[in-house]
Amino acid sequence: MSKINIKKGDNVIVLAGESRGEKGRVLSVDREQQRVLVEGVNIVTKATKPSAKHPQGGLIKIEAPIHVSNVSLIDPASGKATRIAIKREDGKKVRIAKKSGKEIK
């Protein structure tokens, strides 16, 4: 299993699929399935029964997870997709954008 360099709260861009080119913030990361849930991306319609949360029931639109290989971190300098490097500064690991050399927070 490969390492996932994307964390909750990161800004990412979708590289492949129906939502290609869309940008969003990562809501959750499933490391076992290698999937990420991105805000406003890969919206699916789900049929629900009436419940306390949705008393009417019916169709609701929610984000579905997408594979981590289909997203890339956004470079803070240029706003485009970038790979990352890990550097140690003062004994801590810091993620650096390969394109600009800026730190990814």
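Residue count for segment 37-57, restricted to those that are of a type in the set (A, V, I, L, M), in contact with a strand residue (DSSP E or B) (Cβ under 8 Å, 6 or more places away or on another chain) and more than 26 Å from Lys8 (Cβ to Cβ): 1. Please determine whether any residue of segment 46-57 is in a strand (DSSP E or B) and under 10 Å from the mean Cα position of the chain (by Cα). No, segment 46-57 contains no residue that is in a strand (DSSP E or B) and under 10 Å from the mean Cα position of the chain (by Cα). Of everything in segment 45-69, what is among the polar types (S, T, N, Q) and open to solvent by less than 50 Å² (accessible area, probe 1.4 Å)? Give them in sequence order. Of everything in segment 45-69, just one residue is among the polar types (S, T, N, Q) and open to solvent by less than 50 Å² (accessible area, probe 1.4 Å), namely Thr48. Within segment 1-40, the set of residues being polar (S, T, N, Q), under 13 Å from Ala64 (Cα atoms) and in a strand (DSSP E or B) comprises just one member, Ser28.
Cβ-Cβ contacts under 8 Å between residues 6 or more apart (or on different chains), taken from a first residue in segment 45-67 that is touching a residue at least 40 places away in the same chain (Cβ under 8 Å) and at negative phi to a second residue that is open to solvent by 70 Å² or more (accessible area, probe 1.4 Å) and in a strand (DSSP E or B), are listed as Ile66/Arg35.
Confirm whether Ser2 is modelled with pLDDT under 90 and open to solvent by 30 Å² or more (accessible area, probe 1.4 Å). Give the steps one after another, and end with the answer.
Numbers: modelled with pLDDT under 90: yes; open to solvent by 30 Å² or more (accessible area, probe 1.4 Å): yes.
Yes: the conditions hold for Ser2.
The values are calculated or read from the model by the stated rules, or taken from the named source; none is laboratory data. Keep in mind it's a predicted model, so treat the numbers as computed, not measured. FYI the Cβ positions are ideal-geometry reconstructions off the backbone, even for glycines, and counts take in every protein chain you see. Please note that ligands, DNA and RNA were not included when accessible areas were found on the heavy atoms of the full protein model with its side chains. Shrake-Rupley method; radii C 1.70, N 1.55, O 1.52, S 1.80 Å.
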